[in-house]
Amino acid sequence: MEINRILASAVLSLSLITGGTLAAAPATSAAQIVVAQSVTQAQASTPAPAPAFSATPTAIGALTIKTGPQSRVTYKAKGQKAKAVTTNKAGLAQVKNLTPGASYTLTTKIGNSTKSITAVPEGPVVAANSLRVLTTEIPGQLQLTWQHANTPAQGAVSFTVTAQPVNSAAEAIQGKTTGSEMVLTDLDLDSRFEFNVTATNTIGSATPTMALMTKSLNDLQGKAVVTTPVKPAASPVAPPAPAPVTPSGPSTRTIYVCPDSFSDIGGLCQKTLPYTFTNQSYTFHSETRTESCSGPDCPYSQYMDMGYSGAAPHCPNGGTLYGTTCMAWSTSSRQVTEQVKDATPNGFTDTGSNWTKKDALPAGYTDNGTNWVSTTAKVAREVPA
């Protein structure tokens, strides 16, 4: 069954991607009302006046200014120093590195007058979270609700809701709203749907928040039982008419929650694992070097005659004069063998007490730089109505 329409509360603004449907208008009176009219060539050729001075958020912390060509525009936020920019030949200029959410006053000269406007640069829009999909008392109807953290830096935020059949070739349905709920009706009872809610501001969109049906609405809400009346046996007394069979309404409703062991984080079902590591003890190898020394603490060094005699006031090279003889310690050399730590193995790091490396990423997980993360879709769960 094709998805036919979207119902929503008065705060919602919806648009179907499947197009409109033609219908005959009711006759209200004999008088005719003009709903469209052609214009003359003169009227058609007169464009609406363009704004003389505007500033629009076009990137994170950036404003695109539009005014006259080669115009000098100053801009300033409260507590900041005023700066200036000059528009190009097309009357455009972009200023960057602004504070998202701060109100900037922009000033320029148009003709002989000075004109000022205010504009607020925007930052990235955050994703919707806590998406829930609930059944209602009406067959083929689902209610979607979600939450969103509003901040001044995001500016005005709207939400695009998409319901995509996952087990049929039916077209998706899409709607937009500035609220935090939407009601879908006339859904195919035999289809399962993937629901996405995407938050959007002037400069871009956040990662969609997703919920997935694991059962069709027929499986969740139950099918009405069709009974065939049985012809009563002939009898002189007419039997009482059988009581009408009324299908009982659903006694439960369906919500979409994260599976066991997963937590709802920003509308996504996630679970984390701490990193694990493989440790390896140090290994060593022998290295031999030549060591030279002299003096009373040096093995095999001897205190010996330097071969100098005479009555000089001192001995050369640090010797000690005894009478007319210079004495000094000889230099001794020896081979010393030491145990030296081997080079750190490839892929390991040296902790100061051993070598260690992080283990391979587990299947089904990604590395967020702090731990391993696994993400999955929400699943349907029936709860008392």
query: Which cross-chain or sequence-distant (5 or more) residues have an amide H under 5 Å from the amide H of Gly179, H modelled 1.01 Å from N in plane?
result: Ser13
- line: Ordering 319-329, 59-69 by per-residue average of other C-beta atoms within 10 angstrom, highest first, gives 59-69, 319-329
- prompt: What FRET efficiency, computed as 1/(1 + (r/R0)^6) with R0 = 30 Å and r the Cβ-Cβ distance, is obtained for Thr214 and Leu361, rounded to the nearest 0.05?
  reply: 0.65
- prompt: Quick one: what does P(r) look like for segment 53-119 with 10 Å bins over all Cα pairs, in whole %?
  reply: 22, 59, 18, 1
field: Extension gain from Glu382 to Thr252, taking 0.36 nm per residue of separation minus the Cα-Cα distance
entry: 46.2 nm
field: Highest-first arrangement of 171-183, 119-131, where packing means the average Cβ count within 10 Å
entry: 119-131, 171-183
message: Quick check: pseudo-label points 7 Å beyond the Cα along Cα→Cβ at Asn354 and Gln302, how many nm apart are they?
response: 5.3 nm
Per-residue HN-Hα couplings for segment 325-342 [Karplus 6.51, -1.76, 1.60; θ = phi - 60°; Hz; x = Gly/Pro]: 10, 8, 10, 7, 7, 7, 8, 10, 10, 8, 8, 10, 10, 10, 8, 10, 5, 5
query: Under a point-charge model restricted to the Cβ atoms of Lys and Arg (+1) and Asp and Glu (-1), what is the dipole moment magnitude of segment 58-119 relative to its Cα centre, in debye to the nearest 20?
result: 140 debye
query: In whole Hz, what ³J(HN,Hα) sequence does segment 147-159 give by Karplus (6.51, -1.76, 1.60; θ = phi - 60°), x for Gly and Pro?
result: 10, 7, 7, 8, 9, x, 5, 7, x, 6, 10, 10, 10
query: Length gain on complete extension for the stretch Cys293 to Ser261, per 0.36 nm per residue less the alpha carbon to alpha carbon distance?
result: 4.7 nm
field: FRET efficiency estimate (nearest 0.05) - Cβ-Cβ, Thr136 to Asn346, R0 56 angstrom
entry: 0.40
- line: Full extension between Ser205 and Gln94 adds, at 0.36 nm per residue less the Cα distance, a length in nm of 37.9 nm
Per-residue ³J(HN,Hα) for segment 351-368, Karplus 6.51 cos²θ - 1.76 cosθ + 1.60, θ = phi - 60°, Hz, x for Gly and Pro: 8, x, 10, 6, 9, 9, 8, 6, 5, 5, 5, x, 4, x, 10, 10, 9, 9
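Each reported figure results from applying straightforward, stated rules to the coordinates on display, with no laboratory input. No experiment lies behind these values; they were computed from the predicted model shown. Cβ atoms come from the backbone with ideal geometry, glycine included; neighbour counts cover every protein chain shown.
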